[in-house]
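The values are calculated or read from the model by the stated rules, or taken from the named source; none is laboratory data. As the structure is a prediction and not an experimental result, all values here were calculated from the model. Here the Cβ is made from the backbone with ideal geometry for all residues, glycine too, and neighbour counts use every protein chain on show.
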Amino acid sequence: MTISTSRPEFRDAAGQIDVERAISEIRGGRPVILHDDAEMIVALACEALDGDLAARFDRLSGGGTLLALAAPRLRRLGAARREAGAIALPVLDVARAHALAFHASARLDAPAAPLAPLDEGALELMRLAQLLPAAVIARGGGAKAIFPRMFDVALADVKSFSLARLASLRIVSRARVPLEGATDSEFIVFRGGEGLRDQVAIVIGAPDVSRPVPVRLHSACLTGDLFGSLKCDCGDQLRYAARHMAENGGGVLLYLDQEGRGNGLANKIRAYDLQAQGLDTYDADETLGFGADQRRFAFAAEMLKALGIRRVRLLTNNPEKIAALAEAGLEAVDAERLLGRRNTHNLRYLAAKRDKAGHLIELDRATS
């Protein structure tokens, strides 16, 4: 298998750097300026909002602060709309903002207006930062007098960031790492793709790239893969896929840093807490403001192309992965299901994936 390690030229490297810095600021609980040619806003992750920041937003906006929420969260609040929207906060009360953004029992207490493009950009920054999709937004002059040393980023750079990262995808390291049940394995680390995180391709055996290559797209699951959580079947699927490839001529396992269906580890654990209160996995994510699946697989397809793979046979129960690779220019000729162990802790989770997301899971065939 021939693998290119050449590094492509960045497209608009300065814009990428600005967005990376803005993501760091947002994750650090600090506001940023988001601007286009006509106007600017100050955006802050709602989960970082405290009394001091609320007072400063009130000073800046003069009573015009908004809370931008994703469409799933608005639906959970009782809004009859399918788009993201903004709720007016004439006085920025921290408890009210947090309730509207996060609390499972909260209900809409004011109309939700459509978002302006800059407001949509603020929610995209929250997604890139893997924070809850709720942004406190203010418009007003003198922002840097109220928030000294605040960083600013262009809306156009935020909107193009994911594609720019995709274009910058490259291999940065590789080594042979024998695995239990798959001793002939090589780890290849890619930089670029979704967010700011590295991704890994594990080439098991010597797959023949002239034929459809067995491929598993596996999103990282700290609780299941590493600690053996009984709430999911992820660890079972990961280890079965590696053994299956080793025993059947090889394959490629892409280990993708997309914890919690792309929501991030902190939000996954928040969703687990909501599940403990009676919600299923998808209702819990919607309560937090997330859609059924936040993951994107275009960069996974580019990783496979870099490995010389154009035709794949997926090991998956998820039809969306097949469609995503086909849309990205690969030929998915077949799919093979992965059966994990069923137990009293994951039965509801597996049923929700089958019934709400169309996963090809037959619970009576899962092993106990």
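Name every residue in the range 220-238 that is among the aliphatic types (A, V, I, L, M) and part of a helix (DSSP H, G or I), in order of residue number.
Hits for the range 220-238 are L222, L226, L238.
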### Task
Among residues belonging to the range 146-160 that are among the β-branched types (V, I, T) and assigned to a helix (DSSP H, G or I), point out the one that is surrounded by the most Cβ atoms within 10 Å (Cβ to Cβ).
V158
### Message
Test of understanding: among A80, A88, which residue is more than 23 Å from the chain's Cα centre (by Cα), hydrophobic (A, V, I, L, M, F, W, C), at pLDDT below 95 and not in a helix (DSSP H, G or I)?
### Response
A80
### Query
Has the range 187-198 got at least one residue that is part of a strand (DSSP E or B) and touching a Gly at 6+ places or on another chain (Cβ under 8 Å)?
no
#### Entry: One residue from A326, A246 being in contact with a Gly (Cβ under 8 Å, 6 or more places away or on another chain) and of a type outside the set (F, W, Y)
A246
### Message
On the basis of being touching a Leu at 6+ places or on another chain (Cβ under 6 Å), farther than 18 Å from I26 by Cβ and surrounded by fewer than 21 Cβ atoms within 10 Å (Cβ to Cβ), does G85 make the cut?
### Response
no
### Message
Given the criterion in contact with a helix residue (DSSP H, G or I) (Cβ under 7 Å, 6 or more places away or on another chain) and farther than 30 Å from Y272 by Cβ, identify the matching residue among L169, L179, L222, L217.
### Response
L169
### Task
From (1) within 27 Å of Y282 (Cβ to Cβ); (2) surrounded by 22 or more Cβ atoms within 10 Å (Cβ to Cβ); (3) aliphatic (A, V, I, L, M), pick out the condition that doesn't hold for A104.
(2)
### Query
Residue check: is A68 crowded, with 17+ Cβ neighbours inside 10 Å and either in a loop (DSSP other than H, G, I, E, B) or in the same structural domain as E186 (by TED's automatic domain parsing) (or both)?
no
### Query
Do you know which residues across the range 98-118 are within 20 Å of Q275 (Cβ to Cβ) and either among the β-branched types (V, I, T) or part of a loop (DSSP other than H, G, I, E, B) (or both)?
H103, A104, S105, A106
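In the set L132, L163, L169, L123, which member is at negative phi, modelled with pLDDT under 95 and buried (at least 19 other Cβ atoms within 10 Å of the Cβ)? Break it down stepwise before answering.
Numbers: L132 fails: modelled with pLDDT under 95; L163 fails: buried (at least 19 other Cβ atoms within 10 Å of the Cβ); L123 fails: modelled with pLDDT under 95.
Exactly one of L132, L163, L169, L123 is at negative phi, modelled with pLDDT under 95 and buried (at least 19 other Cβ atoms within 10 Å of the Cβ), namely L169.
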#### Entry: Answer from R337, R354, R310 - the residue that is at pLDDT 90 or above, charged (D, E, K, R), touching a Leu at 6+ places or on another chain (Cβ under 9 Å) and surrounded by fewer than 16 Cβ atoms within 10 Å (Cβ to Cβ)
R310
## Note on the structure
Flagged pairs (Cβ under 6 angstrom, 6 or more apart or on separate chains; first in the range 205-219, within 20 Å of L179 (Cβ to Cβ) and part of a strand (DSSP E or B); second among the charged types (D, E, K, R) and at pLDDT below 95) are P214/R313; L217/K321
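Report, by residue number, each residue of the range 313-326 that is outside any helix (DSSP H, G or I) and either surrounded by 18 or more Cβ atoms within 10 Å (Cβ to Cβ) or in contact with a Leu (Cβ under 7 Å, 6 or more places away or on another chain) (or both). So that I can check it myself, show each step before the final result.
First, pick out the residues of the range 313-326 that are outside any helix (DSSP H, G or I): 313-318.
Within the range 313-326, L314, L315, T316, N317, N318 meet the criteria.
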### Summary
Selection from the range 137-160 of residues charged (D, E, K, R) and on the phi > 0 side of the Ramachandran plot yields R149
